[in-house]
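This report concerns only the one structure given below.
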């Protein structure tokens, strides 16, 4: 059984060639020895974004994130802060509770944990996954995350829409009907290929 996080699955799906084997081998080492797992670099950014939305003091929360940054994290948190405030603009979505779930395909299992539940001004609710990395999120990567969230939406926010935000670039993604129709076979094939490399990395 391989158990991965949604960011890991997205990272795998957007890699190619022999780099995929290195990706899976590295992740399997972490999986088998959790003490080596890396600190979640963007956890503080997630907490600051959530705190800002909870209080309606987004600029203050982002300023605090930057003020408390280390020299290493400062450029990243600055880009995240600027992108998030640009994304919000005049938006003021309310926070709603969001759960987490697992999507399974054979011996492959991914943990689907959107960081935010948001309710926009029109009342529509969104299970929202935030992407923070320096490299832009591809449409295929976003679609994989969106499709995975849709499969387990009753456990996240019943009746909600899946939403992905590339925070640094203030860009949001939703899944259109054309992409949705062709995503299932591709995502399942990605899960199968991950399992093949997982077994090879044993």
Selection from the range 57-83 of residues surrounded by 19 or more Cβ atoms within 10 Å (Cβ to Cβ) and closer than 14 Å to residue 41 by Cα yields 65, 77, 80
Counting only residues in the range 174-202 that are surrounded by fewer than 11 Cβ atoms within 10 Å (Cβ to Cβ) and assigned to a loop (DSSP other than H, G, I, E, B), the one modelled with the highest pLDDT is identified as 176
Just to be sure before I move on: is residue 45 assigned to a helix (DSSP H, G or I), in contact with a helix residue (DSSP H, G or I) (Cβ under 8 Å, 6 or more places away or on another chain), under 26 Å from residue 146 (Cβ atoms) and in contact (Cβ under 8 Å) with a residue 40 or more places away in the chain in the structure I sent?
yes
When restricted to 138, 174, the only residue without any contact (Cβ under 8 Å) to a residue 40 or more places away in the chain and under 30 Å from residue 77 (Cβ atoms) is 174
* Within the range 145-152, identify whether any single residue is farther than 21 Å from residue 97 by Cβ, buried (at least 18 other Cβ atoms within 10 Å of the Cβ) and at pLDDT 95 or above, and answer yes or no. => yes
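A quick yes/no check of all residues on (1) surrounded by fewer than 23 Cβ atoms within 10 Å (Cβ to Cβ); (2) not in a helix (DSSP H, G or I):
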{"residue": "135", "(1), (2)": "yes, yes"}
{"residue": "143", "(1), (2)": "no, no"}
{"residue": "165", "(1), (2)": "no, yes"}
{"residue": "172", "(1), (2)": "yes, yes"}
Look at residue 28 and say whether it is in contact (Cβ under 8 Å) with a residue 40 or more places away in the chain, touching a helix residue (DSSP H, G or I) at 6+ places or on another chain (Cβ under 9 Å), over 18 Å from residue 115 (Cα atoms) and surrounded by 13 or more Cβ atoms within 10 Å (Cβ to Cβ). yes
Taking first residues from the range 1-16 that are within 13 Å of residue 142 (Cα to Cα) and second residues anywhere that are assigned to a strand (DSSP E or B), the pairs with Cβ under 6 Å that are 6 or more apart or on different chains are 6/110; 6/112; 9/110
For the range 106-122 the number of residues that are farther than 12 Å from residue 5 by Cβ, in a strand (DSSP E or B) and touching a helix residue (DSSP H, G or I) at 6+ places or on another chain (Cβ under 7 Å) is 2
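So that you can scan it fast, the table gives a plain yes or no per residue for (1) within 25 Å of residue 194 (Cβ to Cβ); (2) modelled with pLDDT of 95 or more; (3) under 21 Å from the mean Cα position of the chain (by Cα):
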| site | (1), (2), (3) |
| --- | --- |
| 31 | yes, no, yes |
| 34 | yes, no, yes |
| 39 | yes, no, yes |
| 42 | yes, no, yes |
| 45 | no, yes, yes |
| 48 | no, yes, yes |
| 57 | no, yes, no |
| 60 | no, yes, no |
| 64 | no, yes, no |
| task | Can you confirm whether the range 13-22 contains a residue that is in a helix (DSSP H, G or I), at pLDDT 90 or above, within 26 Å of residue 183 (Cβ to Cβ) and within 18 Å of the chain's Cα centre (by Cα)? | result | yes
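The values are calculated or read from the model by the stated rules, or taken from the named source; none is laboratory data. What you see is a predicted model, and the numbers here were worked out from it, not measured in a lab. Using ideal geometry, Cβ is built from the backbone for each residue, glycine included, and neighbour counts are taken over all protein chains shown.
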